[in-house]
Amino acid sequence: MAQPDHPYHVQKSVDKVQSFPFHRSVSGLWEEKWKNLAYSGLYPFGDGKGEDFDQIFTQLIRESGDDPSVLYDPDRYAKPFFPVADGLVQRAKEYETVGDLENARDLFLRAASVYRIARFPIPRSPLGKKAWELGREAYLNASPYLSPPNVEVHIPHRHASLEAGESKDAIIAAFLRFPNNSTKPESGWPLLLFICGLDAYRTDHTAALPYGKLASHLYHGQAVLLVDIPGTADSPGAPNDPKSPDRLWSSVLDWVEEHKDQYDFNPSRILARGISTGGYYAMRIAHTHADRLLAVVAQGGGSHHMFDPEWIQAQNHMEYPFALAEALAYKFGYTDVKEYASGNARERFSLLESGIFDKGCTRLLLINGMEDSIFPIEDSILPLRHGSVKDVRLIDGRTHMGFPEAEPIQRDWLLGILAQEDERNGRQSR
């Protein structure tokens, strides 16, 4: 664990600029970090095909002279992705026209994957925002053909704050999916609020078992509502207001309560799971909305030290592919990394300094890999020293999110809580 003169467990990675060689070139990123993931269809390439990206990165390497600075120029980086994605959409529409819906679905999803990597890690430039919009459209075109189908719901943001720059007319766009392999419990569906991350949005979670985070919840009989966090995708939450997520979740949970009969939700069995940056929001919602949630999983999240200037300044040379500091600065509403790393972010957003951790919380599981260099493992330990008793699982030898061991651990933890709730209420556990 961290010593006083070395504040982080992964201090060697913080100190050593060349810890991860894939940062040295575009070809290094592709060959050493991303190519195997792309050809395996693993994060962040879910729904994609490796050959689509091989041609794109060949062009990007050639046109950039293999200079990694292009990765920090969002529009230059995004440009070569569009012809490939646009072509996939055109082919998908042709299949759809002749009634070949399976091929149409797969091609729409492939296009959405290409657009996703075009705006990676976050849509913060004109072409990045265009890629997000086109990717969302491609995913929605595929949605009716998914199994189970994906339903887009529009949630009024009734708790929006005009003072924070939010609109009272704003809509929270979310995706709702129901199990298709389970019988609905007599008391209604358990509902999991899936809190998305910095770069993986509601359009990015269709992977099947064993890799799909969403698939596991559906398989085990939970309906899932996917919602994006402030500062990402098309979330109407104010990025630079620390309290904007509280208003966002209040609007979402009010909608769930109002629509419980329409969708057969069980309002006493509402769960939440936040991944990566969404894990920060999961820690927060477990405290701010403790009375409205049965249990929460915070996976791979930060809470306090993620806002340390020293940590922010080291993020771009650790395990994340590229431009993590820039993406987080944009997401939290700062002009640039220098402003984000000034110390103001920790003062405003830290769950410790804001007093959030001193509140009571619902059942909360904190889970991550010990070697995480995206958000420091200390941020999953710090909550244990404050407020209510919490559960924790730190996985030795694993990096961000604790994959793959974390998946069955969080699954069984949630299922165990649902079983306890069944027993407590005198119902037979599934």
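List the residue pairs whose Cβ atoms are under 9 Å apart, where the first residue sits in the stretch 1-23 and is surrounded by fewer than 13 Cβ atoms within 10 Å (Cβ to Cβ), the second is at pLDDT below 90 and hydroxyl-bearing (Ser, Thr, Tyr), and the two are 6 or more positions apart or on different chains. The qualifying pairs are LYS12/SER19. Screening ALA406 against (1) small (Gly, Ala, Ser); (2) over 21 Å from HIS9 (Cβ atoms); (3) surrounded by 16 or more Cβ atoms within 10 Å (Cβ to Cβ) leaves a single unmet condition, (2). For the residues GLU371, GLU353, the requirement of being of a type in the set (Asp, Glu), touching a Gly at 6+ places or on another chain (Cβ under 8 Å) and either in a loop (DSSP other than H, G, I, E, B) or in the same structural domain as ARG269 (by TED's automatic domain parsing) (or both) singles out GLU371. If you check TYR39 against the conditions, is it farther than 16 Å from HIS205 by Cα, in contact with a Gly (Cβ under 8 Å, 6 or more places away or on another chain), free of Cβ contacts under 8 Å to residues at least 40 places away in the same chain and assigned to a helix (DSSP H, G or I)? So TYR39 passes the test. For the stretch 390-403, state whether one or more residues are surrounded by 17 or more Cβ atoms within 10 Å (Cβ to Cβ), polar (S, T, N, Q), on the phi < 0 side of the Ramachandran plot and in the same structural domain as LEU218 (by TED's automatic domain parsing). Yes, that holds for at least one residue. The stretch 289-349 holds helices (runs of 4 or more DSSP H) entirely within its bounds, and those carrying 2 or more residues that are under 16 Å from ASN240 (Cβ atoms), in contact (Cβ under 8 Å) with a residue 24 or more places away in the chain and within 16 Å of the chain's Cα centre (by Cα) map to 324-331.
Every residue, every condition in (1) assigned to a strand (DSSP E or B); (2) under 23 Å from PRO123 (Cα atoms); (3) not assigned by TED's automatic domain parsing to the domain that holds LEU382, yes or no:
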residue: ASN181; (1), (2), (3): no, no, no
residue: LYS184; (1), (2), (3): no, no, no
residue: LEU225; (1), (2), (3): yes, yes, no
residue: THR232; (1), (2), (3): no, yes, no
residue: ALA238; (1), (2), (3): no, yes, no
residue: HIS287; (1), (2), (3): no, no, no
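The C-beta contact set for the stretch 70-98 (first residue in the same structural domain as GLN59 (by TED's automatic domain parsing) and assigned to a helix (DSSP H, G or I), second residue of a type in the set (Asp, Glu) and buried (at least 19 other Cβ atoms within 10 Å of the Cβ), distance under 6 angstrom, 6+ apart or interchain) comprises VAL84/ASP52. Would you check if ALA207 is surrounded by fewer than 24 Cβ atoms within 10 Å (Cβ to Cβ) and over 25 Å from GLU405 (Cβ atoms)? No: the conditions fail for ALA207.
The values are calculated or read from the model by the stated rules, or taken from the named source; none is laboratory data. Quantities reported herein were computed from a predicted structural model and do not represent experimental measurements. With ideal geometry, Cβ positions are generated from the backbone for all residues, glycine too; neighbour counts draw on all protein chains shown.
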